[in-house]
Amino acid sequence: MKVGVMASGRGSNFQAIIDSIASGESPDVEIAQLVVNKSNAYAVKRAKKNKIKCNYVDSAAITREEFDKEVIKIMEASEVEIIVLAGFMRILSPLFIKKYKNKILNIHPSLLPSFPGANAHKDALQYGAKISGCTVHLVDENIDSGPIIMQASVEINENESEESLSKKILFHEHKLLPKALQLMCSNKISLEGRQVIITAD
Ligand code: GAR
């Protein structure tokens, strides 16, 4: 299935998907397109290296809807069916969510519904949580609130820093996101209300 990835920065989750395809673990996933909203996003270099089509749309210069319409045009041209937000740090408009209803995956560095938003690691530490982790979920109209596909947990130690917590969680993100995407692309994910049902092989 053709997948469009959206990223804003480093793109290590994007790389994890590339690696998972290369290793044969994601036979139903084909990355057809990368879209970034930051010109200096390192994800662009990863796309070039792997000969993946990449477009930059400057989100600062246009409205949210204009940006989303531009991205839809690009995704349609590449015949994308599934969207993955891999460190994409911008809210999508209802227009975009409707267009790809239940077809957008996001990776978030906390155990949702705890600590949504842009500062998940900092928020978990400040709150004094003893456990955090990451969540792959479907994207709906609200922030970090859609049906949960998979989660992994990590312990928060005394003296944990944002950096050390982020590193620990990232290790799990890189496993979880390609796994959830493969399930999605092999039609093994269905919804009952907000419960995600995963069909066994
Ligand atoms: C990842 O930790 C991802 O979970 C987080 O941004 C990082 C991107 O890293 N996403 C969010 O916080 C979304 N709210 P990457 O660019 O190396 O994949």
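Let me confirm something: among D140, D144, which residue is among the acidic types (D, E), open to solvent by less than 80 Å² (accessible area, probe 1.4 Å) and within 13 Å of the ligand (Cβ to nearest atom)? Talk me through it step by step, then tell me what you get.
Numbers: D140 fails: within 13 Å of the ligand (Cβ to nearest atom).
Result: D144 is the single residue among D140, D144 that is among the acidic types (D, E), open to solvent by less than 80 Å² (accessible area, probe 1.4 Å) and within 13 Å of the ligand (Cβ to nearest atom).
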Exercise. Of the residues in the range 6-35, how many are more than 10 Å from the ligand (Cβ to nearest atom) and either in contact with a Phe, Trp or Tyr (Cβ under 8 Å, 6 or more places away or on another chain) or assigned to a strand (DSSP E or B) (or both)?
Worked result: 7
Problem set entry | Residues (within 8 Å of the ligand (Cβ to nearest atom) and touching a strand residue (DSSP E or B) at 6+ places or on another chain (Cβ under 6 Å)) located in the range 96-125 | N106, I107, H108, P109
For this session: Kindly check whether there is at least one residue in the range 180-199 that is surrounded by 14 or more Cβ atoms within 10 Å (Cβ to Cβ), small (G, A, S) and not in a helix (DSSP H, G or I).
Result: yes
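So which of V84, V80, V57 ends up being crowded, with 16+ Cβ neighbours inside 10 Å, in contact (Cβ under 8 Å) with a residue 60 or more places away in the chain and more than 15 Å from the ligand (Cβ to nearest atom)? Spell out the reasoning first.
On the way: V84 fails: more than 15 Å from the ligand (Cβ to nearest atom); V57 fails: in contact (Cβ under 8 Å) with a residue 60 or more places away in the chain.
Sole residue among the options that is crowded, with 16+ Cβ neighbours inside 10 Å, in contact (Cβ under 8 Å) with a residue 60 or more places away in the chain and more than 15 Å from the ligand (Cβ to nearest atom): V80.
The values are calculated or read from the model by the stated rules, or taken from the named source; none is laboratory data. The structure presented is a predicted model; accordingly, all values stated were derived computationally and were not measured. A quick note on method: Cβ atoms are made from the backbone with ideal geometry, for glycine too, and the neighbour counts reach across all protein chains shown. Accessible surface is based on the protein model in full, side chains and every heavy atom, while ligands, DNA and RNA are left aside. Shrake-Rupley method; radii C 1.70, N 1.55, O 1.52, S 1.80 Å.
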